[in-house]
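Q: Take a look at this one; I'll ask things after.
Values quoted throughout were computed directly from the atomic coordinates according to the rules given, and no laboratory measurement underlies them. No experiment lies behind these values; they were computed from the predicted model shown. Cβ: placed from backbone, ideal geometry, glycine included. Neighbour counts: every protein chain shown.
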Amino acid sequence: MRLTALFTKTTKNVPADESSRNAQLLIQAGFVHKEMAGVYTYLPLGKRVLDNIIQIIREEMNSVGGNEISMTALQHKDVWEASGRWDDEVMDVWFKTKLANGTELGLAPTHEEPLTKLMKNYISSYKDLPVYPYQFQIKFRNELRSKSGLMRGREFWMKDLYSFSKDRAEHDAFYEKISEAYNRIYDRLGIGDITYKTFASGGSFSQYSHEFQTLSPVGEDKIYVHEGKRIAINEEVYTDEVLADLGVTKDELVEKTAVEAGNIFTLGTKFSDALDLTYTAEDGSLQKVFMGSYGIGPSRLMGLIAEHFADDRGLVWPANIAPAKVYLARLGDDEAVVRAADELYEELTNTGISVLYDDRDVRPGEKFADADLIGTPYRVVISAKTLANNTYEVKHRTTQEPEQVDKQTLIKKLGA
């Protein structure tokens, strides 16, 4: 992408109505635009990052047998009344509206009920199980307080996968597989070393559910970490009974603040009971489908990663989710410089290396500042000076001093 073709602009001004670091930086760098509290538009660079995060999650969900679908946000109340969750006293985050004919609708905050109803069309026999549909979709939750930038919104991206299994044993086997897939996601996003599988309340069908909590000073959750076992315990279940069950003691745990970066739940037959989702077992008996729910928020992860990796100059994206791998800064409008920069842009792009090409007529300092703010892994400079030396200036985002290298070395470094 050439920056002269990009309609967005960076700004030095810190948004006055944003207190969270991730939202400040993402707005300043031109990745998102704030529409209202908890609601953001993803601009071209931000959409690239979001899509890259989504693709990593998609690959891992497919690796455990997930089937990607896309469900509707508009929800008829009947299916939610069946489970008892249409009532605002039961679920207090609904956005509700009406059709022109007066029919009451809601905007889905989650999708257990409608997906359970949908699967009644496709599950009737043990031969139809297990199945693992999932989706990426914007969810709507009428949060009383929307804060922390992208990490707590009223409109946000969510990956929600639901497992439909014959029994508890089949469910438990998948539960462990998807837990491992979540760990791979966090490793690929660069936050695996600070993300812990965290024991939390399990509800009526399981002793525990599990959250994946990422350590952060801006986190809203308090967890107790056992570094040796790479597990943590949420404050809500931090009791002597739970400690004994997990085989840990208080003096082995360290209190930390964290951001919930994903969760997995055993649902059992709660929703198949409410919506009568059954199958015929091998022995001819009629059984209720055993379910699980597995959520992870791509937009929350984007805000978390932006917050975690930033420095005093701006964003610092991991290479596999950055909006581009290289920020190519052309200094000056000398014909030879323009030609050399254009040629390098084409060559890098043709070899599969993503490039933001700063071909604007602005001062070098502005280009360097924008490169740091946007946070691509590498900055490459072409100028009359580098041409005279038959070299290219390359610098990694996290280093202070640039290197002067020849083209072969540059291509090898950028392709690594």
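Q: Taking every Cα atom in the range 156-292, find the radius of gyration and the maximum pairwise distance Dmax, and write them in Å.
A: Answer for the range 156-292, Rg first and Dmax second: 16.8, 55 Å.
Q: Please list the non-local residues whose amide H lies under 5 Å from the amide H of ASP167, H modeled 1.01 Å from N, same-chain partners needing a gap of 5 or more.
A: PHE290
Q: Mind checking which of SER63, LEU74, VAL14 is farthest towards the positive end of the range 12-91's charge dipole, using Cβ charges of +1 (Lys, Arg) and -1 (Asp, Glu) about the Cα centre?
A: Farthest towards the positive end: VAL14.
Q: While we're looking at this one, here's another question. The range 30-189: percent of C-alpha pairs farther apart than 25 Å?
A: Details: 5385 of 12720 pairs.
When all Cα pairs of the range 30-189 are counted, 42 percent exceed 25 Å.
Q: Have a look at the DSSP beta bridges in the chain and tell me what percent are antiparallel, nearest 5.
A: So the antiparallel bridges amount to about 80 percent of the total.
Q: Same structure, new question: Could you give log10 I(q)/I(0) at q = 0.16 Å⁻¹ for the range 326-415, computed by the Debye formula over C-alpha point scatterers of equal weight, without solvent?
A: For the range 326-415, the Cα-only Debye profile gives -0.56.
Q: Efficiency by 1/(1 + (r/R0)^6): what FRET value for VAL362 and ALA244, r their Cβ-Cβ distance, R0 = 45 Å, to the nearest 0.05?
A: So, using R0 = 45 Å, E works out to roughly 0.10.
Q: Note down the magnitude of the dipole of the range 255-409 about its Cα centre, charges +1 on Lys and Arg C-beta and -1 on Asp and Glu C-beta and zero elsewhere, to the nearest 20 debye. Please report the intermediate quantities before stating the final value.
A: Numbers: 16 positive and 26 negative charges, 52 e Å.
Charge dipole, the range 255-409, about its Cα centre: 260 debye, nearest 20.
Q: Another question, then. Would you mind computing Rg(Cα) / (2.2 N^0.38 Å) for the chain, counting N as its residues?
A: 1.13
Q: Still on this structure, please answer the following. What whole-number distance in Å separates the alpha-carbon centres of the range 168-200 and the range 303-322?
A: Here the answer is 23 Å between Cα centres.
Q: GluC sites (Glu not before Pro), restricted to the range 165-236: which are DSSP loop and have at most 16 other Cβ atoms within 10 Å?
A: Passing sites in the range 165-236 are GLU220, GLU227.
Q: Turning to a different aspect of this structure: Can you check what the net charge comes to around ILE56, using other residues whose Cβ is under 12 Å from the Cβ of ILE56 (Lys, Arg +1; Asp, Glu -1)?
A: 0
Q: Which far-off residues, 5 or more places away or on another chain, put their amide H under 5 Å from the one on VAL131, with H placed in the peptide plane?
A: PHE164
Q: Kindly provide the GluC sites (Glu not before Pro) of the range 250-343 that DSSP labels as loop, not H, G, I, E or B, and whose Cβ sees at most 10 other Cβ atoms within 10 Å.
A: Counting only loop positions with at most 10 other Cβ atoms within 10 Å, the GluC sites (Glu not before Pro) in the range 250-343 are GLU282.
Q: Let me ask something else about it. With Rg and the Kirkwood Rh both taken from Cα atoms, where does Rg over Rh land for the range 243-347?
A: Numbers: Rg = 26.6 Å, Rh = 20.6 Å.
That ratio equals 1.29.
Q: Please list 3J(HN,Hα) in residue order for the range 10-24, calculated via the Karplus relation 6.51 cos²θ - 1.76 cosθ + 1.60 where θ = phi - 60°; whole Hz, with x for glycine and proline.
A: Values, residue by residue: 7, 9, 7, 6, 7, x, 5, 9, 10, 9, 7, 5, 5, 5, 4 Hz.
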